[in-house]
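Chemist: Take this structure first; my questions come after.
The values are calculated or read from the model by the stated rules, or taken from the named source; none is laboratory data. Keep in mind that what you see is a predicted model, and the values were worked out from it rather than measured. Cβ sites come from the backbone with ideal geometry, for glycine too, and all protein chains shown count toward neighbours.
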Amino acid sequence: MKHSPFVFFVLALLFLGCKEDVLPKPKAMLRLEYPAATYIQTNTDCPYIFDQNTLSDIKESTDCSLVLDYPQMKGSIFLTYKKVDGNIRELMIDAEKLTYEHVVKADQILPVEYKHEEAKVYGMFYEVSGNAASQSQFYVTDSIQHFVTGSLYFYAKPNYDSILPAAMYLQNDIRRIMESIRWN
């Protein structure tokens, strides 16, 4: 039986034309997981102590301001200590002003009041969402002698979606600092 070249051409066309359409794979997000936090009490000469995540490296300056560096997450929590000398109102206004400087880039700033009467620790935690330079700010005080402010910064241009897992992890550390801080 003779087959014309036209029949082979049609069969080849049908065979090759029945493939599924090739679609590019969607971009995947990198899944970042961090180990469960373990804490130790800080050991500094400062007038306050708190629980420090063992993933962080602490750097102390002479004025009792500290930097908790998290190399794995490429971020740091900066703590600044001030002695209260009848200027508690000004210190609180400055801490709030520093937080609201991020309102230009932030989508939202959620303030949460903190109070631990027995330990005489009072403060405010600000969760900053969006592409702001800092994802969290806070302050704690005893209202009489001690005032500590803190800020979370990453070593990268802010991209909220990319840094969100690390920001959430470090926000939990900030909450732990606020809950565990004690005045000497």
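Chemist: Mind listing whichever residues of segment 60-95 are buried (at least 16 other Cβ atoms within 10 Å of the Cβ), outside any strand (DSSP E or B) and within 21 Å of the chain's Cα centre (by Cα)?
Modeler: S65, M73, A95
Chemist: Going through Y160, Y126 one at a time, which residue ends up being modelled with pLDDT of 95 or more, among the aromatic types (F, W, Y) and within 12 Å of the chain's Cα centre (by Cα)?
Modeler: Every option except Y126 fails the conditions.
Chemist: Let me ask something additional. At pLDDT 95 or above, out of contact with any Phe, Trp or Tyr (no Cβ under 6 Å at 6 or more places or on another chain) and of a type in the set (A, V, I, L, M, F, W, C), is that true of L68?
Modeler: Numbers: at pLDDT 95 or above: yes; out of contact with any Phe, Trp or Tyr (no Cβ under 6 Å at 6 or more places or on another chain): yes; of a type in the set (A, V, I, L, M, F, W, C): yes.
Here the answer is yes, as L68 does meet what is asked.
Chemist: Looking at (1) in contact with a His (Cβ under 7 Å, 6 or more places away or on another chain); (2) aliphatic (A, V, I, L, M); (3) crowded, with 21+ Cβ neighbours inside 10 Å, which is the only condition V121 fails?
Modeler: So V121 meets the others, but not (1).
Chemist: When the residues of segment 131-153 are filtered to those that are in contact with a Lys or Arg (Cβ under 6 Å, 6 or more places away or on another chain) and surrounded by fewer than 23 Cβ atoms within 10 Å (Cβ to Cβ), which remaining residue is farthest from N184 (Cα to Cα)? Spell out the reasoning first.
Modeler: Going residue by residue through segment 131-153, those that are in contact with a Lys or Arg (Cβ under 6 Å, 6 or more places away or on another chain) are 131-132, 142, 147.
Keeping just the survivors that are surrounded by fewer than 23 Cβ atoms within 10 Å (Cβ to Cβ) gives 131-132, 142.
On the way: N131: 37, A132: 34, D142: 11 Å.
Step by step, filter segment 131-153, then rank; the result is N131.
Chemist: Ok, one more. Can you report the number of residues in segment 147-162 which are farther than 21 Å from P111 by Cβ and of a type outside the set (K, R)? Full working, then the answer.
Modeler: Looking only at segment 147-162, we keep the residues that are farther than 21 Å from P111 by Cβ, and these are 154-157, 159, 161-162.
Imposing the further condition that a residue be of a type outside the set (K, R) reduces the set to 154-156, 159, 161-162.
Of the residues in that region, 6 qualify.
Chemist: Next question. Six or more apart or on different chains, Cβ atoms under 7 Å: show the pairs whose first residue is in segment 73-96 and in contact (Cβ under 8 Å) with a residue 40 or more places away in the chain and whose second is of a type in the set (D, E, K, R).
Modeler: What qualifies is S76/D69; I77/D173; Y81/D63; L91/K82.
Chemist: Being more than 20 Å from Y100 (Cα to Cα), out of contact with any strand residue (DSSP E or B) (no Cβ under 8 Å at 6 or more places or on another chain) and at pLDDT below 95, is that true of even one residue in segment 140-148?
Modeler: No, because not a single residue in segment 140-148 is more than 20 Å from Y100 (Cα to Cα), out of contact with any strand residue (DSSP E or B) (no Cβ under 8 Å at 6 or more places or on another chain) and at pLDDT below 95.
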